[in-house]
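Here is the structure we will look at.
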Amino acid sequence: MASAFGWRVYGLGVMALAMVCLAWGDFVLGQPVPKNFPARTALAYAAGAFMLVASVAVEWRRTAARGAAALTAYYALVVVILMNGRLLLTHYAQFVAYESLAEQLAIAAGGLIVYAATAKMNAALAARLTRLGHLAFGICALVFGAAHFAYMNLTAPLVPKWLPPTQEFWVYATGLGHIAAGIAILTGVQARLAAILMTAMLASFALLVHEPMLLADPSSRMNWSESAVNLAVMGAAWVVADSLARPRR
């Protein structure tokens with residue numbers, strides 16, 4: 001991987017999710033666990049502690065592979081399959097279930113690519129794992145774009161009113177941007193440029209949407225969770241962009 005900066009942003013995003021989990025003693029956005037689940041609070045703290053330790057490990061090159069492997073396993077097996085898989089089975093007619101699953105799968109994909117880049121393995125296996133991460137992230141980008149169209153009435157009010165020409169315009173534009181990025185990453189046509197632009201777009205969401213919401217209501221767990229999820233997915237997009245860079249000769 002040409003740069004380690006992307007995977008460190010990714011690690012910070014998961015770290016932020018872990019701290020939200022620990023601060024409120026509850027599972028974060030995108031990790032649905034029934035309220036009556038046995039020892040739910042203890043499990044939430046355990047999940048938060050696990051995510052925190054693993055994400056801190058990602059920040060150091062010597063431990064990055066182990067931290068990325070732990071996060072990939074947790075997000076792919078526990079969060080995507082067990083938590084969101086159950087939600088999808090019961091709410092298959094609601095698009096929000098697919099969007100939630102896509103957010104968590106994107107984080108898992110980022111972890112897989114970091115693992116492939118940092119673990120000691122042969123180049124062929126690393127390339128296959130990296131490509132699998134690209135495919136998963138590309139599919140997630142398509143879902144993110146579709147969500148903008150499916151939830152126009154909920155997404156448009158998040159766009160600052162002062163931003164011309166209209167709030168609806170930017171929902172359509174960013175939705176199409178996600179879809180275009182997903183197609184590019186899946187096909188490999190201008191994939192790195194698409195990943196870079198998607199990273200920049202997610203960064204703009206942080207500056208224009210999530211940070212103002214946090215400043216307006218810093219006591220809201222939902223605001224902190226959404227901001228942390230956006231940072232983690234932005235980090236994953238950055239990881240994808242880094243992994244598509246041509247190796248230096």
Handout entry: Meets criteria (at pLDDT 95 or above, over 15 Å from the mean Cα position of the chain (by Cα) and open to solvent by less than 20 Å² (accessible area, probe 1.4 Å)) for ALA191
Key = yes
Problem - In the stretch 4-56, residue farthest from VAL80 (Cα to Cα) [restricted to those that are open to solvent by less than 40 Å² (accessible area, probe 1.4 Å) and over 18 Å from the mean Cα position of the chain (by Cα)] - result: GLY25
Practice task
State yes or no: is THR63 in contact with a Phe, Trp or Tyr (Cβ under 7 Å, 6 or more places away or on another chain) and closer than 25 Å to ALA4 by Cα?
Solution key: no
Exercise for the section: Just give me the residues in the stretch 113-128 being touching a helix residue (DSSP H, G or I) at 6+ places or on another chain (Cβ under 7 Å) and surrounded by fewer than 18 Cβ atoms within 10 Å (Cβ to Cβ), in sequence order. Expected result: ALA119
Practice task
With respect to SER219, determine if the residue is closer than 30 Å to ALA23 by Cβ and surrounded by 13 or more Cβ atoms within 10 Å (Cβ to Cβ).
Solution key: no
Handout entry: In the stretch 145-189, the residues that are hydroxyl-bearing (Ser, Thr, Tyr), closer than 18 Å to VAL96 by Cβ and in a helix (DSSP H, G or I)
Key = THR155, THR174
Practice task
Could you tell me which numbered condition ASN153 fails, if it satisfies all but one of (1) buried (at least 16 other Cβ atoms within 10 Å of the Cβ); (2) more than 29 Å from GLY133 (Cα to Cα)?
Solution key: (1)
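The values are calculated or read from the model by the stated rules, or taken from the named source; none is laboratory data. Bear in mind that the values here come from a model prediction, so they are computed numbers and not experimental data. Here Cβ is always computed from backbone atoms with ideal geometry, including for glycine, and neighbour counts include all displayed protein chains. Accessible surface areas use protein heavy atoms only, side chains included; no ligands, DNA or RNA. Shrake-Rupley method; radii C 1.70, N 1.55, O 1.52, S 1.80 Å.
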